[in-house]
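Take a look at the structure set out below.
The values are calculated or read from the model by the stated rules, or taken from the named source; none is laboratory data. Computed from a prediction, not measured in an experiment: that's the story for all the values here. Every residue, glycine among them, receives a Cβ derived from its backbone with ideal geometry; neighbour counts consider all protein chains shown. Side chains included, ligands, DNA and RNA excluded: accessible areas come from the protein's heavy atoms. Shrake-Rupley method; radii C 1.70, N 1.55, O 1.52, S 1.80 Å.
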Amino acid sequence: MGYALVTQLFPALLASLAPRQFVTKQGAAAGIVVGVTTVSVVTLSEVTVGSLLPGLPQAVKDLNVGIIALVLNIVVMVAVSAVTRTESPAPAPAAALRPEPEATAGTG
């Protein structure tokens with residue numbers, strides 16, 4: 001269970017090393033939470049992947065729960081990042097950045 005839990009940090013770590021940040025912090029956090037929750041629930045309830053998904057081929061049933069959680073982690077991380085990504089704001093015009101002159105009292 002320990003290795004499966006630590007493995008859930010790997011997608012966020014790899015995404016943070018990419019030159020272009022395509023994963024948001026909300027996406028990384030959501031992916032880690034889903035992965036850790038999946039590992040914890042399946043391990044503590046002593047359910048196997050084969051009993052959860054009996055219609056799948058034997059090769060898939062034999063997968064470790066950490067791998068299944070890792071796939072869910074990546075899917076959730078990418079989906080949440082796509083939803084929470086904000087567009088970069090357009091630069092403000094130069095006139096908007098210039099301070100307005102202050103009115104002077106007593107002129108006239």
Inset, instruction - Mind counting the residues in the stretch 1-20 that are hydrophobic (A, V, I, L, M, F, W, C) and open to solvent by less than 80 Å² (accessible area, probe 1.4 Å)? - result: 5
Inset, instruction - Having 3 or more residues that are open to solvent by 30 Å² or more (accessible area, probe 1.4 Å) is the bar; report the helices (runs of 4 or more DSSP H) wholly within the stretch 21-76 that clear it. - result: 25-44, 58-61
Inset, instruction - Examine the stretch 54-61 for a residue that is more than 24 Å from the chain's Cα centre (by Cα) and at pLDDT 90 or above, and state whether such a residue exists. - result: no
Legend entry - Tabulated pairs, the stretch 33-51, first under 14 Å from Asn64 (Cβ atoms), second part of a helix (DSSP H, G or I) and open to solvent by 60 Å² or more (accessible area, probe 1.4 Å), C-beta under 7 angstrom, 6+ apart or interchain: Gly35/Leu72; Thr38/Leu72
Inset, instruction - Evaluate the following for Val42: is it at pLDDT 90 or above and either of a type in the set (D, E, K, R) or out of contact with any Pro (no Cβ under 8 Å at 6 or more places or on another chain) (or both)? - result: no
Inset, instruction - List every residue pair whose Cβ atoms lie under 8 Å apart, where the two residues are 6 or more positions apart in sequence or sit on different chains, the first residue falls within the stretch 1-20 and is over 15 Å from Gly66 (Cβ atoms), and the second residue, located anywhere, is polar (S, T, N, Q). - result: Ala15/Gln21
